[in-house]
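The values are calculated or read from the model by the stated rules, or taken from the named source; none is laboratory data. If you're wondering where the values come from, they're calculated on a predicted model, not measured in any experiment. Please note: Cβ atoms are built from the backbone with ideal geometry, for glycine as well, and neighbour counts cover all protein chains shown.
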Amino acid sequence: MQVLQAGQHKFIYLELDADTVTNVARQAGFEIKVQDGPRSLVADLTAPARQSPLLLFDAADPANLGWFSRCQFYVEGRTGAVMQTPMTLANQFDRSGKPHAHSVRLTITKELPATYRLPGNKPLTEQVLYALLYNFLNALTRTGVAVCGASAVRPLAGRTES
């Protein structure tokens, strides 16, 4: 982790290791393709061994109330931002425009304001991010991740029709 200064602005620059991100994803049961850029890391994640879709569900649907009460992570539906994390989630689509039930794209931002904190006022380091990533990927396969609000990100589990 580095602290960068641009004029009066300070930024945290996370030095993420693509191999470590790959290992974390594999431990969580995903196949992964990583594109490591200067400002972000993009991971195409696929869980081909799953028989059911990833547990990305619509938080507004009353039928999903049981999942909503258990989930740790929430995705802002318009932007795909995983709330209170430096991650953004997007669907992957097939040729007909339907979202893949077992695949998502995750973008991890490497440059953050120096004042950035996780819930509980915890500072963000690379090790904390790897643990956060593992917990998020486990939530996609075990406990569920809620999509909140108008959806550019489409739910994959539960009642998905609008």
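Here Leu112 meets each of (1) modelled with pLDDT under 90; (2) surrounded by fewer than 20 Cβ atoms within 10 Å (Cβ to Cβ); (3) not polar (S, T, N, Q) with one exception, condition (1).
Name the residues in region 30-69 that are of a type in the set (Phe, Trp, Tyr) and either modelled with pLDDT under 95 or under 30 Å from Val3 (Cβ atoms) (or both), would you? Scanning region 30-69 gives Phe57, Trp67, Phe68.
The strands (runs of 3 or more DSSP E) found wholly in region 1-84 and carrying at least 1 residues that are of a type in the set (D, E, K, R) and in contact with a Gly (Cβ under 8 Å, 6 or more places away or on another chain) occupy 56-58, 73-76. When Thr115, Thr109 are screened for being within 19 Å of Leu14 (Cβ to Cβ), in contact with a Ser or Thr (Cβ under 9 Å, 6 or more places away or on another chain) and polar (S, T, N, Q), only Thr109 passes. The condition of being within 18 Å of Thr143 (Cα to Cα) and free of Cβ contacts under 8 Å to residues at least 24 places away in the same chain holds for Ala49. Give me the residue from region 79-96 that is among the hydroxyl-bearing types (Ser, Thr, Tyr) and touching a residue at least 12 places away in the same chain (Cβ under 8 Å) and, out of that set, surrounded by the most Cβ atoms within 10 Å (Cβ to Cβ). Checked region 79-96; the qualifying residue surrounded by the most Cβ atoms within 10 Å (Cβ to Cβ) is Thr85.
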